[in-house]
Every structure is written in C-alpha cells, then in structure tokens.
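Bear in mind that the values in this text are calculations on the coordinates, not laboratory data. The shown structure was predicted, so the numbers you read here are calculated from the model rather than taken from an experiment. Reconstructed Cβ throughout: ideal geometry from the backbone, glycine too, with neighbour counts over all protein chains shown.
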Amino acid sequence: MLNGKKVVVVMPAYNAEKTLRKTVDEIPRDIVDDMLVTDDHSNDRTAEVARSLGLKLFIHDKNLGYGANQKTCYREALKLGADVVVMLHPDYQYPPKLITPMAGLITSGMFDAVLGSRILGGLAMNGGMPVYKYISNRCLTLAENMLTGQKLSEYHTGYRAFSREVLLSIPLLENSDDFVFDNQMLLQVLHFGYRIGEITAPSVYTEESSSINFSRSVVYGFGVLKTALQYMSQKYGLAKFPIFDRNGRKLAV
C-alpha cells in the first residue's frame, strides 16, 4: 500500500528468462501489493522462472503481440483491485526502484499517469540507447508535441504508471495489439483530459533488453505519426476514430 492505495506491478514478458529474477529482486516490496507477469507465449523458461518467484502468472496460448500483452496485464491487475498499476518491462532496462516515486505521484493526487522518461536528464545515450533509436525518439517526440500541443520529453518509454480510473475510462480495447499500442494509449490519456507527469528514468541497454528491429521501428514510427494525426483531427472535429471514442470498447473487470 502507498498512501492507502493498492499498488500492482505488471510485467509484460516475452523471452525474459535471463532478466526476470534480477528485475523482481529490485521491486520495492514495502509499497507493492502484488506482482504479475503475462507471458506472451515465450520460447524460453520465462513462465518457469515466474512460478519459482511466486508471481501471479498469465500465459497466452499463442503470441498475441506487445499491445495484447498489456491489455491482459491491465485487466488482471484491475481484477486484483489495483488503485495504481505500474508497468515495468522484465528485461531490466528500467530501474525498478523508481516504482515508489512513480506510484507516489499518482496516489498523492498530483497526476493520473506517470512516465519514466529516458530522455530527461540526458542519460539515454550513456545507458547504451542505439543512436538511430535516440534520433528517431527525438524526432517523433518533436512531431507529436507539435501535433498535440503537448510538451512531453518522450512518448516511447515502456515504464509507465496509471491510476485505476484511467485504465477503466479509456477505450484500450480499440487499440492495436502491436507496439503502437503504447503510443495510442498515451494519446488517449491526453485526449480524455488526464494529467501526465514524468520523472527521469536512466535506462540500461544490454543483449537481453527487449527491442524491435529497424524495419519494425519504421512501421512503429509511421503508426505513431498516424495516431498523432488522428488525435489532431479528432480534437478539431475533422474526423472521429474509435480509439478516441468515449463509448469505445473498454476493459471489463
């Protein structure tokens, strides 16, 4: 519990056998009430490691995609009664100890969602972020800020915390099952008027870090720009899209 609120950490996993234990070992147990892993049909021993650690485990019977993995994570966390859900990649790319301040910014009532930004503090390159990823991150973020009128330092971090209200209110089930899910979700949070905060989250890139290859990065980039254009079109009444429809499909708990 943190400020009387239940905190649940969710870890969308795919082939995280080598890093899951290290990640879990650093999760602050004094404020985290539950931890769960959703295994998106891994080819390694991710599920076995999760069981050995006593984590709540949900396994997809086939690979559904990163976005679908998150949908399962959030649904199951809400079923556990979470007031705050923190998504942490189990590849040890992001520092688990930041769960406390991220969750605290939500339980204090200051923000509805919090991002662990790799860009704030200028530490992304020091942590080993590939040059092409850094450049694309900065260019896409600039474009999105211009199209949405926001001033976020980045839209592409996988370290995020959300209030229960946010997860129940936005039409998450209208989103892609692929990597662009992350971006769609953030723009939904903005579209429906929720407050987003950011903190510096130094990241570390290793051989075990989850990442998408260059070709899929290009597809993701075009998906990001498409989503931002949809956001702008919806905002100015030029068109309507299911992902920004208040009556769209939401998580059922």
query = How big is the charge dipole of the chain about its Cα centre, in debye rounded to the nearest 20, if each Lys and Arg gets +1 on its Cβ and each Asp and Glu gets -1 on its Cβ?
reply = 520
inquiry  = Suppose a student asked you for the relative contact order of the chain, using Cα pairs under 8 Å spaced at least 6 residues apart; what percent would you report?
reply    = 23
ask   = Taking amide hydrogens as modeled 1.01 Å from N in the peptide plane, which residues meet the under 5 Å criterion relative to Ile59, leaving out close sequence neighbours?
value = Asp39
remark   = Taking the dipole of segment 7-244 about the Cα centre (Lys, Arg +1; Asp, Glu -1; charges at Cβ), the one of Pro95, Asn69, Tyr159 that reaches farthest to the positive side is Tyr159
query = Shape of the chain from its Cα gyration tensor (a ≥ b ≥ c, root eigenvalues): rounded if a/c is under 1.5, otherwise prolate when a/b > b/c, or oblate?
reply = rounded
key: Backbone HN-Hα couplings from phi across segment 100-109 [Karplus 6.51/-1.76/1.60, Hz, Gly and Pro as x]   = 4, x, 5, 5, x, 5, 8, 5, 6, x
task = Return the long-range amide H neighbours of Glu198 (sequence gap of 5 or more, or a different chain), with a cut-off of under 5 Å between placed amide H atoms.
result = Leu115
For segment 153-170 and segment 25-76, distance of Cα centres in Å = 18
query = Label-point separation (nm) for Asn3 and Asn213, each offset 7 Å from Cα along Cα-to-Cβ?
reply = 4.4
note = Per the rule of 0.36 nm per residue minus the C-alpha distance, extending Met125 to Lys151 adds in nm 7.3 nm
key: Cα gyration tensor, segment 104-146 - rounded (a/c under 1.5), prolate or oblate   = oblate
ask   = Which listed residue (Ser215, Thr227, Gly193) has the Cα farthest towards the positive end of the charge dipole for the chain, taking +1 on Lys and Arg C-beta and -1 on Asp and Glu C-beta about the Cα centre?
value = Gly193
message = Among the listed pairs Lys151/Lys240; Lys18/Lys133; Lys97/Lys235; Lys56/Lys235; Lys5/Lys62; Lys22/Lys151, which have their C-alpha atoms separated by more than 28 angstrom in this model?
response = Lys97/Lys235; Lys56/Lys235; Lys5/Lys62; Lys22/Lys151
key: Residue among Phe58, Leu80, Pro12 farthest towards the positive dipole end of the chain, charges placed on Cβ   = Leu80
